[in-house]
1. Given (1) part of a helix (DSSP H, G or I); (2) in contact (Cβ under 8 Å) with a residue 12 or more places away in the chain, identify the lone condition not met by Glu438.
2. From the list Ala185, Ala180, which residue is surrounded by 24 or more Cβ atoms within 10 Å (Cβ to Cβ), more than 13 Å from Thr244 (Cβ to Cβ) and out of contact with any strand residue (DSSP E or B) (no Cβ under 9 Å at 6 or more places or on another chain)?
3. Looking at Arg378, Arg391, can you tell me which residue is in contact (Cβ under 8 Å) with a residue 12 or more places away in the chain and farther than 30 Å from Leu31 by Cβ?
4. Go through (1) in contact with a Cys (Cβ under 6 Å, 6 or more places away or on another chain); (2) assigned to a loop (DSSP other than H, G, I, E, B) one by one and return the number of the condition Pro194 breaks.
5. For the stretch 17-26, which residues satisfy the criterion of being buried (at least 16 other Cβ atoms within 10 Å of the Cβ) and free of Cβ contacts under 8 Å to residues at least 40 places away in the same chain?
6. Tally time: how many residues in the stretch 232-252 are more than 21 Å from Pro158 (Cβ to Cβ) and crowded, with 23+ Cβ neighbours inside 10 Å?
7. Hey, among the residues in the stretch 437-446 that are of a type outside the set (A, V, I, L, M) and out of contact with any helix residue (DSSP H, G or I) (no Cβ under 9 Å at 6 or more places or on another chain), which one's surrounded by the most Cβ atoms within 10 Å (Cβ to Cβ)?
8. Taking Gly63, is it farther than 24 Å from Ala211 by Cβ and small (Gly, Ala, Ser)?
Amino acid sequence: MRYDPAWLDADPLPQLIDGRESRQGEIRPILDPSTGEAPAAYAEATPAEVDAALAAARRSHDGGEWRRTPGAVKAQLLEAVAAEIRADARRLATLEALDTGKAVGGALTNDVYEAANAFSYAAALARTLHGDVRRSNFPPELLPGGGPDLLTMRMKEPAGVVAELLPWNGPLMTGSQRIAMALAAGCSIVAKPPEEAVVTLVELGRILTRAGLPAGVLNIVLGAGETVGEQLVTDRRVDLISLTGGTDTGRRVMELAARNLTPTHLELGGKSPVIVFADADLDQAVGWAMMAAFVNMGEVCVAGSRLLVDERVYEDVVKGVAAAAESLPIGDALDPDTFIGPLITEQHADRVRGFVSRALAAGDATVAGTPSVASGSRATYVPPTVLSGVRQGSEIEQQEVFGPVLAAMSFSTEEEALALANGTSYGLNGTVFTRDLERAFRVADALDCGEVNVNCHFAPDMNGGRGEPRRSSGHARTGIDAYTRLKAVNIQIRS
């Protein structure tokens, strides 16, 4: 048996609205990417249910029960949620793998771990959230009442009602990071999981409800972006829209948000460069480059999908990464030995294969290495593929594939490496491998992205160590700052 059927709700998974579960809409299947089977279903939110969720969030925020809760009390609830996630880690990891195709081992050691950490980290922030106080430095002779007798208090207030639109590549981890921070800030939320992967967000809503979160503070509605999502982002009761998703979706959200001038936070796509200089520890660089490109089947916004290597060591590095990729176990997402599971849907897998076939047909790249997929495997399986000699300006070099495809190119100088690294429309993150400390700082400063890694790739602290995306990768404040806004109060005191 691949999993315990009792771990998955047999009824259609519901909306969470004002503390209650609701199942009024059409029933949609939940598909297992590994097998194509439909182990469960969910009820799509009706327009009336979305409206009720928005009304509940608005009422809960305006009523103030949660936003006025003392930080220490908020923290107790958030820590309780973290504890339940940790206690239920195996089941949650299995459900995430069943729903998304991500390898269950990675879901357990990364996604569930980071989900729990998000709530613990948010608990610490809830206890310590503060603003600042400063004295005016405006000369009192120019402005009566100015000078040091005028104090300005800046206080962080919750952003209000948040429409939280979540991605399918890591719904539990990303959803926990966003929801935990919004709750620590005192916001009320209407969250929409991706239509392709709803299971663990429904479970997270249940965990928060059991922990005692007041009704209406977190509402979860299920369904498509074109219907449920657009209803959320065009509603005047929403104070902030937060999207983690694709660049095209981000453009559509901005267009709709403009109708009400609703602020947006957008963490979108990437085409992140991994730069390897000749003086680097090449074994370290090869290991990280493989992980950067192929962890979670490359379905990661910060994936290191472009490998830029000094021409003096180019062949060695590319061959090393290709050999490492060929050794990765491909199989059922619920098999503990699997590293490369299926992609989320057949449609997405076909899209990924299309990038590779077009690049090869156009002469834009050659295959440096790709393992074979077992005969009879479903069309959702795409092997990790290393492409060499990628042509600058080609589709495969410029566009986000969001799959297990690595585009490798050589450079001869540091200036050329930076031109290639900054030569796409994206600006999410970048990585540099070098033993030269001065070069590391120089390249980090020159990379036009929100986050730079040196001799590693993924950030060790996904809660407090994130940079802000740029250009086509979006625009977003990070952490709790994303869900707060500043209020200044000026106070005149008399000496």
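The values are calculated or read from the model by the stated rules, or taken from the named source; none is laboratory data. These numbers come from a predicted model, not from an experiment. For neighbour counting, all protein chains shown are included, and Cβ atoms are generated from backbone atoms with ideal geometry for every residue, glycine included.
1. (2)
2. Working: Ala185 fails: out of contact with any strand residue (DSSP E or B) (no Cβ under 9 Å at 6 or more places or on another chain).
None of the other options fit; the residue is Ala180.
3. Arg391
4. For Pro194, the failing item is (1).
5. Glu21, Ser22, Arg23, listed by residue number.
6. So the first thing to find is which residues in the stretch 232-252 are more than 21 Å from Pro158 (Cβ to Cβ), and the list is 234, 245-252.
Filter again for crowded, with 23+ Cβ neighbours inside 10 Å, leaving 245, 250.
Residues that pass the stated criteria total 2.
7. First, pick out the residues of the stretch 437-446 that are of a type outside the set (A, V, I, L, M): 438-439, 441-442, 445.
This time we only want the ones that are out of contact with any helix residue (DSSP H, G or I) (no Cβ under 9 Å at 6 or more places or on another chain), so: 438, 441, 445.
Values: Glu438: 8, Phe441: 13, Asp445: 8.
Only one residue tops the list, namely Phe441.
8. Numbers: farther than 24 Å from Ala211 by Cβ: no; small (Gly, Ala, Ser): yes.
So Gly63 does not fit the description; no.
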